[in-house]
Amino acid sequence: MRLINSFSLLPLLAFFSSSSVVRSAEDEEGTKLVGNTITRTDISSLADVAKDIRDMDTYCSESNVEQARDIYKDGKYGEYSLRYLATHAHHINNDLTFAFQMYGLSGGKPEDAANYELFASQYIDKLFDEGNCGPAVLASLELTLWMHVSYVNWDLLRSCSIAADPEFDNLAAGVDNLPGKADQIVAYWVGSLQDAPDGTDGYSLYSKANIAGANFGTNVFSGSRANKNILDAYEVISGILSQEDACTSDFTKLKTSEALWPALVDISRQMLVPQIQQLIYAMLEENYDGVGIHARIVVPQLSQCRYSNYKFLKEVLLDNPYDSSNFHKTLKALQSSYSCLGLSCRDIGIPHEFNDSSLGCNEYSDVPTLAGYPAGSYVTEESKIDLDIHQINVLTQFDHDEFWESAKYIYLFGKNSMIDDYYADDDEVLNDKYLSLHSLAIDGSRDQALFYGEFISYFDDPNYADTIVRDTFDNTGRWMNKPRVQRAAVIRVTLQAKIMYMHILSKLNQAVSSCVSRAVPRIDNLPEDEGVIDAWDEVAAFIIGSLEGEEIGGSSDFNDGTSLWGLANSRAIEFGRTNEQGYAISNAAIYNLLLAGKGKISAQSCANLDRTAFGIAHLLFIPLFQSVVKYAIVNQYEIASSDDADIALGETFANSVIPVLNHYDPVSARTLVDNMVPTDEFQNLVQSGPQAVADAFLAVADDFNIECEYIGKSYEVDACRHYQSVLKSSSASRVSVVFAGILSTVGIALLM
């Protein structure tokens, strides 16, 4: 398995933290919390919130609900009361974790998120009102304090940005001591009552994690593995922020943020471990209060994963009373989400005391099956780049500065595809833990990819897609001052239709070149336990993605996928281009070509592999062009200055296919430019009509040897209405003749 545990953070960032990972107890300004963890500043007043939890628990045991509630509302020992942390505007609705919380609680409707901002305090008040004192105290810890630790964790990025801005007075802005900001993470997580590292009576999230770890067999000599990983990551963060040049300018802000990012992500993941463990344990014990509390964190956080899985868990754990008869189905749904969260079965463990073999968890494979395609090499992590696209899409649906900034960080630094050696030869990338969409957008190997020259010529920019995305995030360039709904649409389509499409073309070229030069071993003869990443399998991983699952054709819920595969399935429904199994005929063709290419590479029969690669590249064009036709229909008669997202979608999809069309037929490319890419804000769109836009595909139909029936029909627009086959004598057309033979060989019948 190629997952990276927290220990890898230390060598990765040693140059930031070598002088500050181990601290002496003589550092009197700090606070000793647990074991060897000593903070850089005095955070005892914050850590004393654990004493509030202790006294609330004591009052509950004495049936003194009102006294417990008074401490919750007004505080007693801690600097801030728990209710203050749950309700004050400064502490809520400002970070990455909170964004997914709002998206998940609202059922994927950001416009309703405001109704859920006070979810923790409202639930705790409800429990107190009903006299459920013990559960109210547990919720104060596991909802309010857990969310606040998430806030102070991610707030370090915002603090770094403020500290680097010369217009701010750092003291007045509260960012004059960045290591002190990091100390808040462990202050609230560990508390002031934790004695031994493996202790369970500290009235803190740390203690609860130790209890959960003991129940699930994931404790080490110093307590739960999750706690150890969180403390390790904290030391890395403190070391980075202790550097003299940390967050002192725009340049060092970006570099500091990039160095901080893996540790912040790791903390956010490890914090979910005890929540998941306690949810499963509560389900097993049929502890409905416990289920209600922990599900309120776990389920919304799963909205960053596969939509259909999140939707099911929301229905059975949040929308309806928990039914223990659904336990095993619910457990399997939870377990299937571990990989998306960057966790493993080993991280969560198994509650062995119940002696139930069905509680076991199947670790996901590094050699995956992707929508039926059997990869022969380690590409699971590559396939998870689609999670970055999904999460950026979720975050940019909010009209919220901090959430957009979080989305930009995911774009720049990556979050889900954990690959420690991918950039070994790339001096441009400092954070080598994650594969990022930004790094794919500027990858130097694209210069050998099919159509790359056409895209550079059209956009007059070698990093055209990266420029579009970063300009749109920064509210500059073509979409400056446009509504966020339009800018979000531009970012989403650019990631999917420009960055991923070109990267796939680059990987196709690499696979062909490697096969011809015998640069890679045969897939069926790989050394045991060697993490060989075959470029052909990477092609499949990037086309299909992780969200489609293992079943042939991909997920039956077309809301799941964010890759080109998912786009093709969605468009196939709209254009009537699904096969008998219910997924896109273009995907069925790609699937067979992937298998055919895999067979050629396995046998090292590389003579015609380039033509198989051409076939895949051409078929991937189908959903892009269908999208252009779709928005030509939708946007006809609209004014270019409209604030509707469909305007941005139509233009961005059009700009994803125009360079290719221009290569074959500049007249057809001009048709798309004139109808879909306005130069005047007052211009009426699609003046020639959507049928004229659909007819533009005819310019490449013969060159691609993909007949117009692959596009299909939508409403009154028929891609074949004016089709006449005229095989051209270009080199591309000669490739298409062979491609036709390939399609025939693998048993794909073109629809007539």
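The values are calculated or read from the model by the stated rules, or taken from the named source; none is laboratory data. Just so we're clear, the structure is a prediction, and the values are computed from it rather than from any experiment. Quick reminder, even Gly has a Cβ in these numbers, built from the backbone with ideal geometry, and neighbours come from all protein chains shown. Ligands, DNA and RNA are excluded from the accessible area calculation, which covers all protein heavy atoms including side chains. Shrake-Rupley method; radii C 1.70, N 1.55, O 1.52, S 1.80 Å.
Tell me, which residue of segment 660-695 that is free of Cβ contacts under 8 Å to residues at least 40 places away in the same chain and among the hydroxyl-bearing types (Ser, Thr, Tyr) is least open to solvent (accessible area, probe 1.4 Å)? Of everything passing the filter in segment 660-695, 668 is least open to solvent (accessible area, probe 1.4 Å).
Consider residue 648 carefully, then state whether it is buried (at least 24 other Cβ atoms within 10 Å of the Cβ) and touching a residue at least 12 places away in the same chain (Cβ under 8 Å). In short, yes.
Of the helices (runs of 4 or more DSSP H) lying entirely inside segment 89-178, those carrying at least 2 residues that are in contact with a helix residue (DSSP H, G or I) (Cβ under 9 Å, 6 or more places away or on another chain), at pLDDT 90 or above and open to solvent by 10 Å² or more (accessible area, probe 1.4 Å) are 96-105, 119-129, 133-139, 146-164.
Which of the following residues is more than 18 Å from the chain's Cα centre (by Cα), of a type in the set (Ser, Thr, Tyr) and open to solvent by less than 10 Å² (accessible area, probe 1.4 Å): 377, 383, 365?
377
When segment 184-208 is limited to residues that are closer than 18 Å to residue 152 by Cβ, under 34 Å from the mean Cα position of the chain (by Cα) and of a type in the set (S, T, N, Q), the one that is most open to solvent (accessible area, probe 1.4 Å) turns out to be 184. Report, by residue number, each residue of segment 211-224 that is crowded, with 21+ Cβ neighbours inside 10 Å and over 14 Å from residue 275 (Cβ atoms). Those that are crowded, with 21+ Cβ neighbours inside 10 Å and over 14 Å from residue 275 (Cβ atoms): 219, 223.
Taken over segment 53-94, the criterion of being of a type in the set (Asp, Glu) and more than 37 Å from the chain's Cα centre (by Cα) is satisfied by 55, 57, 62, 66, 70, 74. Applying the condition of being within 16 Å of residue 571 (Cβ to Cβ) and in a helix (DSSP H, G or I) to segment 694-710 and asking which residue is modelled with the highest pLDDT yields 694. Out of segment 290-324, which residues are of a type in the set (S, T, N, Q) and under 21 Å from residue 566 (Cβ atoms)? 303, 304, 308, 309 - these are the residues of segment 290-324 that are of a type in the set (S, T, N, Q) and under 21 Å from residue 566 (Cβ atoms). Of everything listed in (1) without any contact (Cβ under 8 Å) to a residue 40 or more places away in the chain; (2) buried (at least 17 other Cβ atoms within 10 Å of the Cβ), the single unmet condition for residue 340 is (1).
Look at (1) under 28 Å from residue 419 (Cβ atoms); (2) open to solvent by less than 60 Å² (accessible area, probe 1.4 Å); (3) of a type in the set (D, E, K, R) and you find that residue 356 fails only one, number (1).
Looking only at residues of segment 599-625 that are open to solvent by 10 Å² or more (accessible area, probe 1.4 Å) and not in a helix (DSSP H, G or I), we find that the one that is nearest to residue 568 (Cα to Cα) is 608. Considering the conditions (1) out of contact with any Phe, Trp or Tyr (no Cβ under 9 Å at 6 or more places or on another chain); (2) of a type outside the set (S, T, N, Q); (3) outside any helix (DSSP H, G or I); (4) at pLDDT 95 or above, residue 338 is excluded by exactly one of them, (1).
Determine, yes or no, whether residue 291 is in contact (Cβ under 8 Å) with a residue 24 or more places away in the chain, within 27 Å of the chain's Cα centre (by Cα), buried (at least 18 other Cβ atoms within 10 Å of the Cβ) and over 11 Å from residue 334 (Cβ atoms). Yes: the conditions hold for residue 291. Looking at segment 459-473, is at least one residue over 29 Å from residue 263 (Cβ atoms) and aliphatic (A, V, I, L, M)? Looking for residues that are over 29 Å from residue 263 (Cβ atoms) and aliphatic (A, V, I, L, M), one finds at least one in segment 459-473, hence yes.
Taking helices (runs of 4 or more DSSP H) that do not extend beyond segment 428-487, which have at least 3 residues that are open to solvent by 10 Å² or more (accessible area, probe 1.4 Å)? Give the steps one after another, and end with the answer.
On the way: elements: 437-441, 452-459, 464-473.
Counting at least 3 such residues, we get 452-459, 464-473.
Taken over segment 626-645, the residue count meeting the criterion of being surrounded by 24 or more Cβ atoms within 10 Å (Cβ to Cβ) and out of contact with any Leu (no Cβ under 9 Å at 6 or more places or on another chain) is 1. Annotation note: Cβ proximity below 7 Å between a residue of segment 100-119 that is free of Cβ contacts under 8 Å to residues at least 60 places away in the same chain and a residue that is surrounded by fewer than 22 Cβ atoms within 10 Å (Cβ to Cβ) and among the charged types (D, E, K, R) (sequence gap 6+ or interchain) occurs for 106/112.
Would it be correct to say that residue 252 is crowded, with 22+ Cβ neighbours inside 10 Å and out of contact with any Leu (no Cβ under 6 Å at 6 or more places or on another chain)? Answer is no for this residue. The lone criterion from (1) open to solvent by 30 Å² or more (accessible area, probe 1.4 Å); (2) farther than 24 Å from residue 557 by Cα left unmet by residue 596 is number (1). Just the residues that are at pLDDT below 95, under 18 Å from residue 418 (Cα atoms) and not charged (D, E, K, R), please, taken from segment 504-553. 531, 532, 533, 535 - these are the residues of segment 504-553 that are at pLDDT below 95, under 18 Å from residue 418 (Cα atoms) and not charged (D, E, K, R).
Note on segment 403-429: among residues that are among the acidic types (Asp, Glu) and at pLDDT below 95, the one that is nearest to residue 486 (Cα to Cα) is 428.
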